[in-house]
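Here is the structure we will look at.
The values are calculated or read from the model by the stated rules, or taken from the named source; none is laboratory data. Keep in mind that this is a model prediction, so the values were computed, not measured. Glycine gets a Cβ as well: all are built from the backbone with ideal geometry, and neighbour counts include every protein chain shown.
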Amino acid sequence: MGQYDETISNDKTKKMPGMLYILVSFVPWIIYWVLCGMGNKFGIAIPLAISLVLIIPQIRKRDFNLMDLTSVLYFSIAMVGTFIFGLNTFVERSGFLGYSVLFLMAALSLIIKQPYTLQVSKRDYPEIYWRWSAPPCTVNSSWNNPPVKM
């Protein structure tokens, strides 16, 4: 019940729960798919702005979320391609391109043994549950390869 306990309680109140954190990371993608699904080019600019807002605190802390980095990179490329080079591909093929990029991000995170779901685990669970990398890798790979109905 000393200073250490107060530090722990303060750290817990400052952290966003893991599941909410991953939901917030998906917001730019959801907006992208909705707006581009209607043929609106702002479906690229708005998600880029949101992705930049999400990445700024991570730059300050030097603790990066792979999904947010992927979002900034993808939407930056999409912005240049759409508004500078006049390509409509990022608007017309938003579903295929977006899902492909997220799949590659998740697969790469498994290959480097740092699954993007590990950051969610670190926020919500004690170290004993996430220290061993196999469970997060298993969960991550099952999310990327859902069962197929025949």
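Would you check if GLY95 is part of a helix (DSSP H, G or I) and closer than 29 Å to MET19 by Cβ? Answer is yes for this residue.
Quick grid of which residues meet (1) part of a helix (DSSP H, G or I); (2) closer than 18 Å to ARG123 by Cβ; (3) modelled with pLDDT of 95 or more; (4) out of contact with any strand residue (DSSP E or B) (no Cβ under 6 Å at 6 or more places or on another chain):
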| position | (1), (2), (3), (4) |
| --- | --- |
| ALA49 | yes, no, yes, yes |
| PRO57 | yes, yes, no, yes |
| ASP63 | no, yes, no, yes |
| THR70 | yes, no, yes, yes |
| VAL80 | yes, no, yes, yes |
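Each residue in segment 1-41 was checked for being touching a Leu at 6+ places or on another chain (Cβ under 8 Å) and at pLDDT below 95, and 2 of them qualify.
Of all residues in segment 75-121, those satisfying the criterion of being in contact with a Leu (Cβ under 7 Å, 6 or more places away or on another chain) and under 18 Å from LEU35 (Cα atoms) are PHE75, SER76, MET79, GLY81, PHE90. Among the residues examined, GLN114 does not qualify as touching an Asp or Glu at 6+ places or on another chain (Cβ under 9 Å) and within 23 Å of TYR21 (Cβ to Cβ). If you go through segment 105-150 and keep only what is assigned to a helix (DSSP H, G or I), loosely packed, with under 12 Cβ neighbours inside 10 Å and at pLDDT 75 or above, you end up with just ILE111.
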